[in-house]
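Derivation of every value follows stated rules applied to the coordinates shown; laboratory data play no part. As the structure is a prediction and not an experimental result, all values here were calculated from the model. When we count neighbours, we look across all protein chains shown, and the Cβ atoms used for this are built from the backbone with ideal geometry, even at glycine.
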Amino acid sequence: MDYSIFKALNFNMNGIEVALICYDVMCQWSIHMKDRVNGSMHLKIPDGLELRLGISLFHIYGHQDTCLARYSPTFIEGGWQIDGKIIETLWAPLNEISRSTRGMLTSHRREVIDDHMNDSNWKKLVDLGKLPLTHAASKLTEIMQSMLYLNATTGHFLGQHSVRQHSVTSIDWQVQILLAFGLKKKNMQESNIYTMLLPWTSMISR
């Protein structure tokens, strides 16, 4: 794992200042990562490259709550809502050819599966220009819905007389989040701010 990641990070990285790495068990793999790199004659982190470490949304919810706050791409600048998976997304469509491949010899089966995966990659490449607009519009809709839901629940749980105080609290949260973004580069525990409970969540948990 070390070899594949750091060899990739040292290939054609001119002008790239930040790299987001998602790994299923990043919470364990990253503990002594820099020590392993510094102790190796064959591995190095490119000078000036900032590493942002995460666990894909495909796996993060199977981890501890602290991992969610520290490694979820949702809380990583530039991460957003990414599943962090490629091969797994092909499982469902590839299942459709299983009835044909189950009776094939190994070499024939591999060729057929490769053909279908190459076809999938080609379709992604051809449609690449369409994705940003569709993705952006979808995300904007989700953000607007979330904002409306937050405003509605805030007024319900805190009461209308507390909305002004809530606005001040929201500004405080934004400041704390910006500080967490900067400080987590040196200490992942700074991300624990995302595990803080809102007043109504503590009531619900009871």
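What FRET efficiency comes out for MET1 versus LEU90 if R0 is 22 angstrom and r is the Cβ-Cβ distance? Round to the nearest 0.05.
Working: r = 22 Å, r/R0 = 0.98.
Plugging the Cβ-Cβ distance into 1/(1 + (r/R0)^6) gives 0.55.
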Measuring from label point to label point, each 7 Å out along Cα→Cβ, what is the HIS32 to GLU77 span in nm?
3.1 nm
Contour minus Cα-Cα distance for VAL18 and ASP115 (0.36 nm per residue)
31.5 nm
Packing-ranked peptide list from 48-58, 91-101, highest mean Cβ count within 10 angstrom first, is 48-58, 91-101
Would you mind classifying the stretch 78-123 by shape? Square roots of the alpha carbon gyration tensor eigenvalues, ordered a ≥ b ≥ c; an a/c under 1.5 is rounded, otherwise it is prolate if a/b is larger than b/c and oblate if not.
prolate
Per the Kirkwood treatment, what hydrodynamic radius in Å, one decimal, follows for the stretch 1-84 from the mean inverse distance over all distinct Cα pairs?
13.5 Å
Protection-proxy order for peptides 28-35, 62-69, each taking the mean of Cβ atoms within 10 Å per residue, highest first
62-69, 28-35
